[in-house]
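Down below is the structure, laid out as structure tokens.
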2 protein chains.
Amino acid sequence: MSLNFCFIGAGNLATHLSKAFQNKGFGISQVYSRTELSAKELAEKLSVSYVTSAEEVDLNADIYFVALKDSAVDEVLPQINFGNKLIVHCSGSLPLSALGKYSENIGVFYPLQTFSKSLDVDFKEIPVFIESNSAKNEKILLQLALEISDSVTVLDSDKRKTLHISAVFACNFVNYFYSVAAEILKSKDIPFDVLKPLIVETARKVQEMHPEKAQTGPAVRFDENIINAHLQELNNFGEFRQLYKSISKSIFEHYNK
Amino acid sequence: MSLNFCFIGAGNLATHLSKAFQNKGFGISQVYSRTELSAKELAEKLSVSYVTSAEEVDLNADIYFVALKDSAVDEVLPQINFGNKLIVHCSGSLPLSALGKYSENIGVFYPLQTFSKSLDVDFKEIPVFIESNSAKNEKILLQLALEISDSVTVLDSDKRKTLHISAVFACNFVNYFYSVAAEILKSKDIPFDVLKPLIVETARKVQEMHPEKAQTGPAVRFDENIINAHLQELNNFGEFRQLYKSISKSIFEHYNK
């Protein structure tokens with residue numbers, strides 16, 4: 001396929017997805033972002049041009065990848081005359097239908113991963129979930145996705161939203177707890193490094209066994225002595241103390257219902 | 001060192017620690033557990049004898065490793081006449097002093113890892129934290145720990161407790177959120193497998209960058225549309241909805257203070 005893509009958005013996801021496509025020989029015609037710094041940074045990585053005004057978006061691209069914050073979609077897209085070009089958004093939560101007013105050819109291309117600009121990822125291993133409004137468009141997206149990933153699934157908007165929620169727990173909240181742990185350690189001058197093998201092992205375990213079976217720690221054992229000692233110790237961390245309490249309770253109830 | 005160890009307790013930690021010592025040529029004289037099934041299972045793995053009555057614990061061992069639930073320590077140890085043998089507990093939260101009434105030679109040997117009986121671990125990579133009541137005992141524990149681990153640190157009881165709390169967040173609560181994610185997915189017949197690459201990458205990222213910098217997702221972006229849509233969707237998961245709400249709030253406040 002010799003196709004030209006325009007990227008609407010230049011954040012973490014746009015950065016990794018556009019690079020993955022470019023590496024496979026697809027053309028990136030242009031990058032748009034309202035934030036000049038982001039637009040310029042990504043355009044330089046791809047050696048393409050960028051614009052910060054929606055009116056200047058290249059109307060000759062074959063496919064438009066929309067990688068914006070959900071709430072920005074309806075601010076940016078009305079300013080662009082897509083004709084009936086294929087527009088694809090990359091959001092976990094936005095339904096396919098959100099693009100219906102902008103083109104007759106619409107789709108979703110959702111890579112399930114956490115992206116940070118400075119860390120490379122191997123796109124081959126990232127599960128991609130696609131959806132479209134026609135068999136023809138679905139076939140295009142399926143072919144595109146298979147060019148960069150070994151795991152491609154057609155998934156409807158409702159299930160994709162559920163998937164996204166589960167990812168918030170398994171990734172965003174998990175990473176936040178790494179931060180919480182780091183902050184607690186810092187209060188006693190213990191380096192975060194000591195937790196790294198534990199963090200890797202915790203993730204590795206559930207590659208082989210279901211997390212239900214992998215649960216360890218004072219809450220699942222209902223070791224009240226430890227839980228109370230920890231709560232006492234967390235008196236200086238009001239908010240973390242509350243999280244500790246409610247999650248311990250939730251774990252205990254989960255394993256004793 | 002030609003030493004004989006007796007293991008008081010036969011849970012996940014006792015299983016992996018006793019095997020690691022045995023693999024390095026140390027003798028395990030006996031396994032004690034109040035639960036016959038656990039005692040028998042570990043004793044068979046080690047090809048040693050076991051007892052389920054504290055009165056029958058082998059009094060000729062050189063060192064006693066106490067790997068019991070914290071609350072069981074003061075139930076079991078008073079029944080054993082240790083003389084002045086070296087007694088070592090393996091708990092993150094129990095202070096060294098908790099062993100003071102049972103012997104003049106006491107210590108702590110705390111491997112920071114999540115252990116499940118059925119999954120092998122490479123002890124070399126597990127950070128071990130030790131503490132003791134004398135320079136002589138500390139030296140013994142240091143040498144022992146270095147036989148099985150490449151990362152050994154002397155750490156006092158107060159700091160070890162803080163370390164343990166941080167591990168509850170970075171491991172136990174994290175694993176619970178993997179379970180929560182699995183349960184949410186199951187409600188729409190989506191297999192847990194789809195999350196595995198995300199879980200591995202989330203853990204891998206913080207090996208290279210601080211979790212503060214690695215945070216992604218709707219809460220840190222304060223994407224209210226998504227957060228509200230997720231809360232709506234979680235109406236059928238009352239307890240998870242509450243967790244979603246309080247953690248999102250905590251993340252938002254953390255990044256906007």
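Worth pointing out:
- Rounded to the nearest 20, the Cβ-based charge dipole of the protein assembly as shown about its Cα centre (Lys and Arg +1, Asp and Glu -1) stands at 120 debye.
- At 7 Å out from Cα toward Cβ: A:E224 inter-copy label distances (nm, ascending): 4.3
- Projected onto its three principal axes, the C-alpha set of the protein assembly as shown covers 87, 40, 39 Å, listed from the longest axis down.
- Label-point spacing at A:G238 relative to the other copies reads 2.8 nm, in ascending order, each point sitting 7 Å out from Cα along Cα→Cβ.
- Shielding by partners - mean other protein chain Cβ count within 10 Å, residues of B:135-148: 0
- Exposure proxy for B:V66, B:V31, B:V154, B:V121: other Cβ atoms within 10 Å of each Cβ, ordered fewest to most, give B:V154, B:V121, B:V66, B:V31.
- 23 Å Cα-Cα threshold exceeded, pairs from B:K159/B:K213; A:K45/A:K124; B:K101/B:K124: B:K159/B:K213; B:K101/B:K124
- Estimated FRET transfer efficiency (A:L59, B:S246; beta-carbon r; R0 41 Å; 0.05): 0.35
- Projecting the Cα atoms of A:V48, A:I165, A:L146 onto the dipole axis of chain A, where Lys and Arg carry +1 and Asp and Glu carry -1 at the beta carbon, places A:I165 farthest toward the positive end.
- Residue-count net charge about A:L3 - beta-carbon cut-off 12 Å; Lys, Arg +1, Asp, Glu -1: 0
- Packing-based ranking, highest mean first, of B:41-53, B:193-205 given that Cβ atoms within 10 Å are counted: B:193-205, B:41-53
- Per-residue shielding of A:218-231, expressed as the average number of other chain Cβ atoms within 10 Å of the residue Cβ, stands at 5.
- Dipole magnitude for the range A:1-78: about 380 debye, using +1 per Lys or Arg Cβ and -1 per Asp or Glu Cβ, origin at the Cα centre.
- Note on B:185-195: average number of Cβ atoms from other chains within 10 Å of each residue's Cβ is 5.
- Label distances, nm, A:L37 versus same residue in remaining copies, Cβ-directed 7 Å point: 5.8
- Going by neighbour counts of Cβ atoms within 10 Å, the residues A:K124, A:K161 line up, fewest first, as A:K124, A:K161.
- What you get for chain A, charging only the Cβ of Lys and Arg (+1) and of Asp and Glu (-1), is a dipole of about 400 debye around the Cα centre.
- Ranked by how many other beta carbons lie within 10 Å on average, peptides A:75-84, B:2-11, A:17-26, A:99-108 from highest: B:2-11, A:99-108, A:17-26, A:75-84
- Nearest chain A C-beta to the A/B rotation axis, reported as residue and distance in angstrom, is A:A203, 2.
- Across the range B:33-46, coupling constants 3J(HN,Hα) worked out from phi with the 6.51/-1.76/1.60 Karplus curve, θ = phi - 60°, read 8, 5, 8, 4, 4, 5, 4, 5, 4, 5, 4, 5, 4, 8 Hz, and Gly and Pro carry x.
- Note that the range B:222-236 has calculated 3J(HN,Hα) couplings of 6, 8, 4, 4, 5, 4, 5, 5, 5, 4, 4, 5, 7, 4, 7 Hz, one per residue in order, obtained from phi through the Karplus relation 6.51 cos²θ - 1.76 cosθ + 1.60 (θ = phi - 60°); glycine and proline are x.
- Scalar couplings 3J(HN,Hα) for the range B:121-132, obtained by applying the Karplus form with A = 6.51, B = -1.76, C = 1.60 to θ = phi - 60°, are 10, 9, 4, 3, 8, 8, x, 10, 10, 10, 7, 7 Hz; x denotes Gly and Pro.
- Charge context of A:S116, other residues only, Cβ under 12 angstrom, K/R +1, D/E -1: 0
- Taking amide H as placed 1.01 Å from N in the peptide plane, A:S91 has its amide H under 5 Å from the amide H of A:F109, each at least 5 places away in sequence or on another chain.
Laboratory data are not the source of any read-out in this text; all were calculated from the coordinates shown. Computed from a predicted model, the values in this text were never measured in an experiment. Every residue, glycine as well, gets a Cβ built from its backbone with ideal geometry; the counts of neighbours run over all protein chains shown.
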